[in-house]
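**Q** To start, I am sharing the structure in question, which I have written as structure tokens.
The values are calculated or read from the model by the stated rules, or taken from the named source; none is laboratory data. Nothing here was measured: the structure is a model prediction, and the numbers come from that model. Neighbour counts run over all protein chains shown; Cβ positions are idealised from the backbone, glycine included. Side chains included, ligands, DNA and RNA excluded: accessible areas come from the protein's heavy atoms. Shrake-Rupley method; radii C 1.70, N 1.55, O 1.52, S 1.80 Å.
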Amino acid sequence: MSLLMVEGLDKAFGGVIAARAVSFALEAGELLAVIGPNGAGKSTVFNIIGGQLRPDAGRVVLAGDTITGLAPRAVWRKGLGRTFQVAQTFISMSVTENVQMALMSWHGEAASLTASAAGLRRAEAIGLLGLVGMAEAADRPISALAYGDVKRVELAIALAGEPKLLLMDEPTAGMAPKERAALMQLVAGLARERKIGVLFTEHDMAAVFGHADRILVLMHGEVIASGPPDAVRRDPKVRDVYLGESGLAAANAAGTAP
Ligand code: ADP
Ligand code: MG
């Protein structure tokens with residue numbers, strides 16, 4: 001059985017079809033990229049999986065449990081980690097305190113500034129920061145970090161919940177190309193070592209074609225192609241409809257990189 005099974009998702013907003021018969025599976029340790037133009041339905045599918053949206057039809061099965069229609073917190077409890085935007089971190093707190101709060105929340109401990117100040121789960125938090133290459137910034141305020149470093153801390157926060165599946169909506173948005181490659185490499189390494197499945201959307205075709213094991217292409221809410229990067233890159237439908245000249249160049253460059 002696959003780690004994640006998405007079966008026949010339909011979702012309409014009034015007359016707009018945001019998802020139609022969307023089905024796919026994801027294995028533990030695998031990176032699956034969902035791509036498609038703006039409005040293709042990527043966020044809709046993510047929000048259905050994460051519990052923010054209820055589908056009109058279809059189901060989502062995570063590690064054998066049907067999670068369709070569960071609230072986000074319940075889905076998180078079942079093993080789904082999400083990386084959030086900057087606003088989701090506690091901006092006034094230190095890097096370590098942010099991760100401590102996430103750990104306390106996961107372990108059902110009353111999360112408070114006093115508890116984090118008292119050092120509860122501090123060693124564990126620093127361990128997670130080490131995994132994402134941020135141990136040295138442990139005592140800095142989040143607000144002092146560069147954007148790419150905040151993204152790494154968000155990853156540590158997501159890992160605090162021992163996720164089986166990570167959902168990342170445009171993880172490298174706003175990053176410089178070098179930072180993007182480093183973040184994707186980090187995520188890929190963690191996925192493989194910890195057998196975490198990773199589902200991500202991304203506009204940067206180099207990140208997608210360079211790091212995904214498989215790619216799913218959405219268009220007007222429907223899956224128009226899926227498969228390994230090489231097959232998707234060659235798919236004439238994908239070429240016509242979506243990739244375009246610049247996207248293709250990036251996809252090809254990623255494919256031939258060492
Ligand atoms: P993507 O993430 O691929 O850009 P979305 O899933 O955000 O696409 O959107 C898919 C379609 O559904 C778009 O046409 C969008 O305008 C519409 N849509 C998404 N969310 C809502 C909503 N809450 N209310 C109405 N329409 C929505
Ligand atoms: Mg979106």
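**Q** Where does the chain land on Rg/Rh, using Cα atoms and the Kirkwood Rh? Present the calculation step by step, with values, prior to reporting the outcome.
**A** Details: Rg = 18.5 Å, Rh = 18.9 Å.
With Rh from the inverse mean 1/r over Cα pairs, Rg/Rh is 0.98.
**Q** Between Ala138 and Ser92, what is 0.36 nm times their sequence separation minus the Cα-Cα distance? Round to one decimal in nm.
**A** Working: separation 46, 0.36 × 46 = 16.56 nm, distance 1.37 nm.
Value of the extension gain: 15.2 nm.
**Q** Can you classify the range 2-100 as rounded, prolate or oblate using the Cα gyration tensor, where a ≥ b ≥ c are the square roots of its eigenvalues, rounded means a/c under 1.5, and otherwise it's prolate if a/b beats b/c and oblate if not? Show your work: numbers first, answer last.
**A** On the way: a/c = 1.93, a/b = 1.50, b/c = 1.29.
Prolate, since a/c reaches 1.5 and a/b exceeds b/c.
**Q** Would you mind classifying the range 141-203 by shape? Square roots of the alpha carbon gyration tensor eigenvalues, ordered a ≥ b ≥ c; an a/c under 1.5 is rounded, otherwise it is prolate if a/b is larger than b/c and oblate if not. Before the final figure, lay out the partial values.
**A** On the way: a/c = 1.87, a/b = 1.31, b/c = 1.42.
Judged from the Cα gyration tensor, the range 141-203 comes out oblate (a/c at least 1.5, b/c at or above a/b).
**Q** Moving on to the next point. Please give the calculated 222 nm ellipticity per residue for the chain, where each DSSP H segment of at least 4 residues contributes -39500 (n - 2.57) and the sum is spread over every residue; nearest 500 deg cm²/dmol? Working shown, then result.
**A** Details: 10 runs with 99 residues, N = 258.
Here the helix-only value at 222 nm equals -11000 deg cm²/dmol.
**Q** Counting only the heavy atoms of the protein chains, how much of His220 is accessible to a 1.4 Å probe, in Å² to the nearest 10?
**A** 130 Å²
**Q** Normalised by the number of residues in the chain, what is the relative contact order in percent for Cα pairs under 8 Å and 6+ residues apart?
**A** Values: 487 pairs, mean separation 65.4, N = 258.
Result for the chain is 25 percent.
**Q** I would also like to ask the following. Take the Cα atoms of the range 133-244, build their convex hull, and give its volume per residue in Å³.
**A** Numbers: hull volume 13.6 nm³, N = 112.
Value for the range 133-244: 122 Å³ per residue.
**Q** Which one of Ala123, Ala207, Ala33 has the biggest mean-square fluctuation once the chain is modelled by GNM with Cα springs under 10 Å?
**A** Checking each option, the largest mean-square fluctuation is seen for Ala123.
**Q** Rounded if a/c is under 1.5, else prolate if a/b is larger than b/c, else oblate: which is the range 1-57, with a ≥ b ≥ c the root eigenvalues of its Cα gyration tensor? If you can, show how the numbers build up before the last one.
**A** Values: a/c = 2.17, a/b = 1.59, b/c = 1.37.
Prolate.
**Q** Can you tell which of Phe13, Phe24, Phe90 shows the greatest fluctuation in a Gaussian network model of the chain with Cα springs below 10 Å?
**A** Phe13
**Q** Would you mind telling me which residue in Gly148, Gly130, Gly50 has the biggest mean-square fluctuation in a Gaussian network model of the chain, where springs connect alpha carbons within a distance under 10 angstrom?
**A** Of Gly148, Gly130, Gly50, the Gaussian network model singles out Gly130 as fluctuating most.
**Q** Which FRET efficiency, nearest 0.05, do Phe13 and Lys178 yield, Cβ-Cβ r, R0 25 Å?
**A** Working: r = 38 Å, r/R0 = 1.52.
Step by step, r from the Cβ atoms, then E = 0.10.
**Q** Here is a further query. Please give every one of the lysines within straight-line cross-link reach of Lys78, meaning a C-alpha to C-alpha distance under 29 Å, and leave out same-chain neighbours fewer than 8 residues apart.
**A** Counting by Cα, and skipping residues close in sequence, Lys78 has these lysines nearby: Lys11, Lys42, Lys151, Lys164, Lys195.
**Q** Quick check: at a probe of 1.4 Å, how many percent of the accessible area of the range 136-230 sits on carbon and sulfur atoms?
**A** Working: 1840 of 3690 Å².
On the range 136-230, the fraction of accessible area on carbon and sulfur atoms equals 50 percent.
**Q** Between Lys237 and Ala118, what is the FRET efficiency for a Förster distance of 45 Å, r being their Cβ-Cβ separation, to the nearest 0.05? Intermediate values should be presented prior to the final figure.
**A** Values: r = 57 Å, r/R0 = 1.27.
Calculated transfer efficiency: 0.20.
**Q** Skip the ligands, DNA and RNA, and give the accessible area per residue of the chain with a 1.4 Å probe, whole Å². Display every interim value, and only then the final one.
**A** Details: 11270 Å² over 258 residues.
Result: 44 Å² per residue.
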